[in-house]
Amino acid sequence: MQIIGPDSLVFGVDDVPACHEFLTAYGLAPQDYSPEKGGHFVSLDGTGLEIRRRDDPSLPPALKTGNMLRMQVLGVVDQAALDAVAAELGKDRQVLRLADGSLRTQDDQGFELSFRVTTRRQLDLPAEKVNAPGDLGRKPNQLGVWQDMPTDPRTLSHVVLFVPDIEPAVAFYRDRLGFRITDTFIGTGPFLRPQANPDHHTHFFIRTPPYMQGCEHLAFHMGGPTELMLAGSKMIKAGFESFWGPGRHKFGSNWFWYFKSPLGCNVEFDADMDTHDDDWIPRETPMGAEAAQAFLFQHRDKWAPSGGPKPGQ
Amino acid sequence: MTVLCRLDDLPDGGARGFEVPGLDCKVIVVRKGERVHGWRDFCPHYKGGTPMAWKRDAYLNGARTHIACHAHGAWFDIETGACVQGPCLGRRLIRVPLTIDAAGAVCMRPREERT
Ligand code: FES
Ligand SMILES: [Fe+2]
């Protein structure tokens, strides 16, 4: 199955203007937005979030848990890939073909799914470059950081779900949709990668009781760790609240910084994630603080050593 | 007695968080009319507790009917602290007993200050 990953995540929220405030500060661009109806919030390649009022009649039904995630829109490479998804899922469930060409169905947990030929744009942007002895990534006179350098999220990276019935959930994504398991936190759940995307994960599942079903967090890729640090620092300075980070995960190697949000889930910046192919041999380890990150820091206000003894004192 | 603020400083139906010397989390104060409710800014979802606002003082859900943890959307009853929806069902917030003195100052009771 030539699935690329989430093109869009749809939320039905109880405070649309708060989401606008948060998501624009996070760096997404509002499109067709109004405080009454909500709108889209897009990253540089056009992937992003759709934010609507909880009671918007155009939305698919809400989860019973109160979680605000209403639908995942998964992008596939072309029409043949879309037809393949329709043929496979049509074997045991209703798959609607909508007027815009997209498919609409549900996974085995009742999460709403939409599939479409991806609308993401190919990005032609340099990654953050690093200078090291023996390997200079930047040209002479090219700067590594400046205070107001752009920190726009580049693409929707991954979504993490609280999943009550995890074995059938994993089986659905792996056996029906062809996702690869890259790594697993034993007792928690697997990281999943669709076949048309080399990223370590576009999905991660966390085993939970039924009353928690929903979105745990979502993340966008940044251009590199400096962009991530700068973007997160701007959020803190503006009064937004960190949940976890900055740090660097072990599985996936991605830098992370999570912020709480009015979407009722954490919203993460990530950068520099590993990519894999089918030669990769999945790892397994019990979840815990040691396994979850290589290192973890906490933001502090800017400070500099100053005010010490003056020369001649 | 630690004075957190004046009742008049709090918008009716709104919430604010206060740093208190000696406490390892903020104290959330929610005003309802002439009454105030105090809770530790500790979501009980994970061991040790985590702070709940998505922005400074943004503790309430959109309809302002509940205290919400904005990490995963747990909702808590403002008057009882009990979780009514989300990851903390069956758990509750830790109450911070408050009084309003004759001059209208919102104070923490001494017993809480020692913890
Ligand atoms: S940390 Fe509060 S709901 Fe998860
Ligand atoms: Fe993540």
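The values are calculated or read from the model by the stated rules, or taken from the named source; none is laboratory data. Here the structure is a predicted model, which is why all the values come from computation and not from measurement. Cβ atoms come from the backbone with ideal geometry, glycine included; neighbour counts cover every protein chain shown.
Quick look at the numbers
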quantity	calculated
Those residues of segment B:29-45 which are in a loop (DSSP other than H, G, I, E, B) and either of a type in the set (A, V, I, L, M, F, W, C) or at pLDDT 95 or above (or both), in sequence order	B:D41, B:F42, B:P44, B:H45
Every pair of residues 6+ apart whose Cβ atoms lie under 6 Å, when the first sits in segment B:35-48 and is over 13 Å from B:E79 (Cα atoms) and within 13 Å of chain A (Cβ to nearest Cβ) while the second is within 9 Å of ligand 1 (Cβ to nearest atom) and part of a strand (DSSP E or B)	B:C43/B:T50; B:C43/B:C69
Hits in segment B:39-73 (condition: touching a helix residue (DSSP H, G or I) at 6+ places or on another chain (Cβ under 8 Å) and either of a type in the set (G, A, S) or within 15 Å of A:D14 (Cα to Cα) (or both))	B:W54, B:A58, B:G62, B:H72
Conditions (1) in contact (Cβ under 8 Å) with a residue 24 or more places away in the chain; (2) within 14 Å of chain B (Cβ to nearest Cβ); (3) more than 16 Å from ligand 1 (Cβ to nearest atom); number of the one not met by A:S233	(2)
Residue match in segment A:204-213 (condition: away from chain B (no Cβ under 14 Å) and under 15 Å from the mean Cα position of the chain (by Cα))	yes
Within segment B:23-38, considering residues that are under 25 Å from A:V13 (Cα atoms) and away from ligand 1 (no atom under 16 Å from the Cβ), the one farthest from the chain's Cα centre (by Cα)	B:K32
Residue check, B:D57 among the acidic types (D, E), within 13 Å of chain A (Cβ to nearest Cβ) and not in a strand (DSSP E or B)	yes
Number of the condition not met by A:F259 [criteria: (1) more than 16 Å from ligand 1 (Cβ to nearest atom); (2) at negative phi; (3) within 14 Å of chain B (Cβ to nearest Cβ)]	(1)
Residue under evaluation B:R95, criteria (1) within 15 Å of ligand 1 (Cβ to nearest atom); (2) modelled with pLDDT of 95 or more; (3) basic (K, R), criterion not met	(1)
Filtered residues of segment B:67-79 (kept if closer than 14 Å to B:R91 by Cβ, crowded, with 21+ Cβ neighbours inside 10 Å and either at pLDDT below 95 or more than 16 Å from ligand 2 (Cβ to nearest atom) (or both))	B:I67, B:C69, B:A74, B:W75, B:F76
Evaluation of A:G137 against (1) without any contact (Cβ under 8 Å) to a residue 60 or more places away in the chain; (2) buried (at least 20 other Cβ atoms within 10 Å of the Cβ) (one fails), failing number	(2)
All positions within segment A:225-259 that are among the polar types (S, T, N, Q) and near ligand 2 (Cβ under 10 Å from one of its atoms)	A:N254
Subset tally (residues that are modelled with pLDDT under 95 and among the polar types (S, T, N, Q)) for segment A:59-111	1
